[in-house]
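Colleague: This is the structure I want to talk about, given as structure tokens.
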Protein chains: 2
Amino acid sequence: MDLLMNTLKKIEKIDYSLDESTQKRLDSLTKPQGSLGILEDIARQVVDITKDQYPKMQNKVIFTMAGDHGVAEEGVSAFPKEVTPQMVLNFINGGAGINVLAGHVGARVIVVDMGVAQDLNVNSSSLKVKKVAYGTKNMAKGPAMTKEEAVRSIEGGIEAFEDEFSNGIDIVGTGDMGIGNTTPSSAITSVITKEAVENVTGRGTGITDNSLANKIRTIKKSIEVNCPDSKDALDVLAKVGGFEIGGIVGLILAASSRRVPVVIDGFISGAAALIAYQLEPSVKDYMISAHSSAEKGHRVIHDYIGLKPLLEFNLRLGEGTGAALGITIIEASIKILTEMATFQSASVPEKT
Amino acid sequence: MDLLMNTLKKIEKIDYSLDESTQKRLDSLTKPQGSLGILEDIARQVVDITKDQYPKMQNKVIFTMAGDHGVAEEGVSAFPKEVTPQMVLNFINGGAGINVLAGHVGARVIVVDMGVAQDLNVNSSSLKVKKVAYGTKNMAKGPAMTKEEAVRSIEGGIEAFEDEFSNGIDIVGTGDMGIGNTTPSSAITSVITKEAVENVTGRGTGITDNSLANKIRTIKKSIEVNCPDSKDALDVLAKVGGFEIGGIVGLILAASSRRVPVVIDGFISGAAALIAYQLEPSVKDYMISAHSSAEKGHRVIHDYIGLKPLLEFNLRLGEGTGAALGITIIEASIKILTEMATFQSASVPEKT
């Protein structure tokens, strides 16, 4: 609990004192004022976060957090549970969507075993093992994990970030892997935002109408059985959460405590963002939402926290794939701020 | 006229015969089917365009077409006319927004002088001179150019593309520079789509309320004075167009005739897309719209042609800056198609 508490304590509220000078610099560049729209907003935000007027974007890191879910036995996913460890191996071997997109944007991928149901038995510098347990318990029958495990999952995420921080992290992207994990994400979203389960539950990896009805019933039952306290984010995480979700919470808190911009991926990362936001509302300004996913609960999360997603590509893969695309847009914004010529340096006449 | 006619003749209607095999390949990759949303749609479109199941994205080229506008003397822009040549020099020196964003996505920038009002007197491999005249005439008083000049501007764009084609072009982005050029773009959009001038005219580089009212009056007057025939795209280009707009028309036609995907930038490129689409409706399927700009007429263009923009970043810079960002998303789509592991190769169990 100490690591979590200390990390929370280190998160500073962002003041916007650098906004004016950043906008002044943006306005001195050879373009009409404000003409790069959202790219200019992002540049200001990254300066506010990093307190660096020329932020670096050398070390881009995506953490893909993996965990298994006891609730998968209720038949809430289109894929068998064995896919989780196989996909982790796929991440390590470089064959997954996140590897391709992270490679495209020049980011490195760190895979974290937060609670995969089997031992992975691989030795790779891109794998960190912070396993809390061999998968959560079935939340339809009782708490997914104990409160101690919830804290450990968050602290595992913090440790993963801190371990890697010495290798350099200028921006971080969140990512997830875990068969069944849209189910706890919908449960978390419903409990915290108080939106009806039906309105925050989608088809995940692609389930049928019947399976969707079963998924909604399962989530409702999980909430009934466990009565999570919506005001106590740790209680929500413990009762209807997941280990990789806790890991992403820790990642968001750790990045914020280090003043590193954190790019939120899809729906599962969004559920983690909700918990991080409940624990410490100041994290909001450290987060940039990469995209609005095909999962309908994602919109509810954006509205609740007040985040405006960058992209709308109908993605629903997770892993950090949306975050990777978001990162390259953010890097573009920073290059605009730091690499463009000014009206003066290029001898271009200004607005009349 | 021969070059234009021959180029139009070479544009083939896209058949979708490769869609099924492309989707089959996408579905064999280690991700839930359809989970990469729009990225999968783009991958299919690029295969359809190129007829290559493993399209290359090595040579990404953005053509920034520059021209001056006689109508600038009506006070329709916030910037003086001298900015056009100065910005062209800025492009050549690498200090503009397009240089930064093209560099970020690994694209090269080719600047084309389609009709800048002065000689540029620079020797650079990134500048092509296809100057039709030293700026258009003031369209509020008569035709912006003759029909012969309209054809020459389009053919200049075709030549620019063909000159560069031997250096390799796998994907092309459009771009523009020309003080005053949202004014002819709004006129073209109003004439072709039959939408009221007020609904397709915005603030361009950032004019005041008074200047906007003057801009709308000027556009209405230009349409009244010239009576462009909405069914004759060459007549519209000649009477209320611009040389760089004609150049972009040529670029779109040439790329389509070579089965090269063409990424449409903002409002000015959109006006050129309208003319290209009127000349040959089959170009629609070769175009990918990078973004929806802050200029309200852009939406009208998208609706008229039936294009769905990738990004919504409130950009209004032009130059090809939006196209650059679009290109990196398209390249990401192609890498997904060509670089990801399959369920079989990664030994991941498939959907149950």
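Colleague: What is the Cα centroid distance between the range B:98-118 and the range A:45-99, reported in whole angstrom?
Modeller: With the range B:98-118 and the range A:45-99 each reduced to a Cα centre, they are spaced 36 Å.
Colleague: Follow-up. Just add up the charged neighbours of B:Glu280: K/R +1, D/E -1, any other residue whose Cβ is under 13 Å from the Cβ of B:Glu280.
Modeller: +2
Colleague: I've got another one for you. Kirkwood Rh over Cα pairs of the range A:2-55 into Stokes-Einstein at 20 °C, 1.002 mPa s: D in µm²/s?
Modeller: 170
Colleague: From the phi angles alone, apply the Karplus equation (6.51, -1.76, 1.60; θ = phi - 60°) to the range B:201-218 and give each ³J(HN,Hα) in whole Hz, x where the residue is Gly or Pro.
Modeller: Values, residue by residue: 10, x, 8, x, 6, x, 8, 7, 4, 4, 5, 5, 4, 5, 5, 5, 4, 4 Hz.
Colleague: Among the aspartates and glutamates, which fall within straight-line cross-link reach of B:Lys194, defined as a Cα-Cα distance under 12 Å, with same-chain neighbours fewer than 8 residues apart omitted?
Modeller: B:Asp229
Colleague: Add +1 for every Lys or Arg and -1 for every Asp or Glu among the other residues with Cβ under 14 Å from the Cβ of B:Thr201, and state the total.
Modeller: Summing Lys/Arg as +1 and Asp/Glu as -1 gives +3.
Colleague: Still on this structure: Report in % the part of the accessible area of the protein assembly as shown that belongs to carbon and sulfur, leaving out ligands and nucleic acids; probe 1.4 Å.
Modeller: 46
Colleague: Hey, another quick one. Which is farthest toward the positive dipole end of the range A:60-330 among A:Phe313, A:Gln118, A:Pro184, measuring Cα position about the Cα centre, with Cβ charges +1 (Lys, Arg) and -1 (Asp, Glu)?
Modeller: Positive-end residue among those listed: A:Phe313.
Colleague: Something else now. Please list B:181-188, B:40-47 highest first by mean number of surrounding beta-carbon atoms within 10 Å per residue.
Modeller: Listed from highest to lowest mean packing, they are B:181-188, B:40-47.
Colleague: How far, in whole Å, is the closest Cβ of chain A from the axis that maps A onto B, and which residue does it belong to?
Modeller: Result for the A and B rotation: A:Thr328, 3.
Colleague: How do the peptides B:221-234, B:286-299 rank, highest first, by the average count of neighbouring beta carbon atoms within 10 Å per residue?
Modeller: B:286-299, B:221-234
Colleague: Please compute how much accessible surface disappears when A pairs with B, both sides summed, using a 1.4 Å probe, and round it to the nearest 100 Å².
Modeller: Between A and B, the summed buried area is about 4500 Å².
Colleague: Let me ask you something else. With only Lys, Arg, Asp and Glu charged, each at its Cβ (+1 for the first two, -1 for the last two), find how big the charge dipole of the protein assembly as shown is about the Cα centre; round to the nearest 20 debye.
Modeller: The calculated dipole for the protein assembly as shown is roughly 420 debye.
Colleague: Among the lysines, which have Cα under 18 Å from the Cα of B:Lys141 when same-chain residues fewer than 8 positions away are ignored?
Modeller: B:Lys215, B:Lys220, B:Lys221, B:Lys239
Colleague: OK, next. Please state, as a whole number in µm²/s, the translational diffusion coefficient that the Stokes-Einstein equation yields for the range A:153-218 at 10 °C and 1.306 mPa s, with Rh defined as the Kirkwood radius across alpha carbon pairs.
Modeller: Taking Rh from Cα pairs, D becomes 111 µm²/s.
Colleague: When 1/r is averaged over all different Cα pairs and the result inverted, which Kirkwood radius in Å belongs to the range A:134-256?
Modeller: The Cα-based Kirkwood calculation yields 15.0 Å.
Colleague: Among A:Val283, A:Ala96, B:Ala233, whose Cα sits farthest toward the positive end of the charge dipole of the protein assembly as shown (+1 at Cβ of Lys/Arg, -1 at Cβ of Asp/Glu, about the Cα centre)?
Modeller: B:Ala233
Colleague: A further question on this structure: What accessible area per residue, rounded to a whole number of Å², is obtained for the range A:60-330 using a probe radius of 1.4 Å?
Modeller: 29
Colleague: How do the peptides B:76-83, B:55-62 rank, highest first, by the average count of neighbouring beta carbon atoms within 10 Å per residue?
Modeller: B:76-83, B:55-62
Colleague: Looking at chain B as a GNM with Cα springs under 10 Å, which of B:Ala341, B:Ala72, B:Ala140 has the largest mean-square fluctuation?
Modeller: B:Ala341
Colleague: Tell me the volume per residue, in Å³, of the convex hull enclosing the alpha carbons of the protein assembly as shown.
Modeller: 145
Colleague: Here's something else I'd like to know. List, in the order given, every pair from A:Lys56/A:Lys284; B:Lys9/B:Lys137; A:Lys81/A:Lys137 whose Cα-Cα distance in the structure shown is over 25 Å.
Modeller: Beyond 25 Å between Cα atoms: B:Lys9/B:Lys137.
Colleague: With just the Cα atoms of the range B:60-330, tell me how far they stretch along each of the three principal axes, in Å, largest first.
Modeller: For the range B:60-330, the Cα extents along the three principal axes come out at 44, 40, 35 Å.
Colleague: Within a 10 angstrom radius of each residue's Cβ in B:315-321, how many Cβ atoms of other chains show up on average? Whole number is fine.
Modeller: Partner-chain Cβ atoms within 10 Å, mean over residues of B:315-321: 5.
Colleague: Tell me the per residue accessible area of the range A:2-55 using a 1.4 Å probe; a whole number in Å² is fine.
Modeller: 49
Colleague: Then there's this: Give the value in nm², to one decimal: projected area of the alpha carbon convex hull of the range B:6-119, averaged over all directions.
Modeller: 11.3
Colleague: Here is a further query. Using a label point 7 Å beyond Cα on the Cα-Cβ vector, give me the inter-copy distances for A:Lys51 in nanometres, one decimal, shortest first.
Modeller: Here the equivalent label points are 6.1 nm apart from this one.
Colleague: Rounded to a whole number of µm²/s, how large is the Stokes-Einstein D of the range B:61-145 at 25 °C and 0.890 mPa s, given Rh as the Kirkwood radius over C-alpha pairs?
Modeller: For these conditions, the coefficient is 181 µm²/s.
Colleague: Just add up the charged neighbours of B:Asp48: K/R +1, D/E -1, any other residue whose Cβ is under 14 Å from the Cβ of B:Asp48.
Modeller: Within the 14 Å Cβ shell, the charges total -2.
Colleague: What is the ratio of the Cα radius of gyration of the range A:288-343 to 2.2 N^0.38 Å, where N is its residue count, to two decimals?
Modeller: Cα-based Rg divided by the globular estimate yields 1.35.
Colleague: Let me ask something else. What does the average come to when, for each residue of peptide A:92-99, you count the partner chain Cβ atoms lying within 10 Å of its Cβ?
Modeller: 5
Colleague: Straight-line reach from A:Lys128: which aspartates and glutamates have Cα under 12 Å away, leaving out those fewer than 8 places along the same chain?
Modeller: By straight Cα distance, A:Lys128 reaches A:Asp113, A:Glu159, A:Glu162, A:Asp163, A:Glu164.
Colleague: Could you work out which residue, out of A:Asp119, A:Asp170, A:Asp285, moves most in a Gaussian network model of chain A, that is, has the largest mean-square fluctuation with Cα springs under 10 Å?
Modeller: Its mean-square fluctuation being the largest, the pick is A:Asp119.
Colleague: Let me ask you something else. Evaluate peptide B:328-340: per residue, the Cβ atoms of other protein chains within 10 Å of its Cβ; return the mean as an integer.
Modeller: Mean inter-chain Cβ contacts per residue within 10 Å come to 4.
Colleague: Considering only DSSP beta bridges with both partners in chain A, what is the antiparallel share in %, to the nearest 5?
Modeller: 5
The values are calculated or read from the model by the stated rules, or taken from the named source; none is laboratory data. As the structure is a prediction and not an experimental result, all values here were calculated from the model. Cβ atoms come from the backbone with ideal geometry, glycine included; neighbour counts cover every protein chain shown. Accessible surface is based on the protein model in full, side chains and every heavy atom, while ligands, DNA and RNA are left aside. Shrake-Rupley method; radii C 1.70, N 1.55, O 1.52, S 1.80 Å.
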